[in-house]
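Single-structure report; data block below.
Read the figures in this text as sums done on the coordinates, not as results from a lab. Keep in mind the model is a prediction, meaning the values are calculated, not measured. Here the Cβ is made from the backbone with ideal geometry for all residues, glycine too, and neighbour counts use every protein chain on show.
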Amino acid sequence: MKILYFLLLAISFLAFSCDDDKNEPTNPDNNLTGDKNRLYVKFVNNPESQYTITSLQYKNAGAVTAGLNPTGEWSDNLLKANQSLKPGEHAFFFVIIPRQYWAICRIGVYDTVAKQTVYINDQPGFDDYWIKPTITHWGGDERTVKVTLEFRTDENKIVPTFWGDWAGIDN
């Protein structure tokens, strides 16, 4: 009887905790939310980042359950012309990733020392890095992605020290 009571309590808690926050920004193109391949993304360059993001591209990487298997070419820059994301800033955009699939991200930053754009994924040895920046189309058609980028002197490269990717649009 105690188990039945506990299960009923747990189910009730889950049912009431799914209340949507109507104040959060939502997909402005609501008539297209039924497209199973279209994902609305809020991409945040965390305030702790040491770099301004000047380019964001993606490449589909297959079904989440099959592992990370990127194929094809990188997309065009998801940021608008002359747009950049300083630490603490964000951008909204759409990507075409089927539900239950993911994509790998290619991030470009302006390196003030080298005075050029550096694509962090293209740095020597980055393939071995444990954080693979991804966007996952899982749990809904809206996604918040956050990144913190830092220079690691011991590795002599710019790396994501934090990457978060979850369903819904955070405020």
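Here is how the numbers come out for the structure above:
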{"item": "Alpha-carbon centroid distance for the pair region 69-85 / region 36-50, whole angstrom", "result": "12 Å"}
{"item": "Within region 76-148, trypsin sites (Lys or Arg not before Pro) in DSSP loop having at most 13 other beta-carbon neighbours inside 10 Å", "result": "K80, K115"}
{"item": "Within-15-Å neighbourhood charge of K59 [Cβ basis; K, R +1; D, E -1]", "result": "-2"}
{"item": "Candidates per chymotrypsin sites (Phe, Trp or Tyr not before Pro) in region 68-167, loop by DSSP, up to 12 other Cβ within 10 Å", "result": "W130"}
{"item": "Lysine pair number, Cα distance threshold 23 Å (strictly under), region 76-171, separation 8 or more or different chains", "result": "10"}
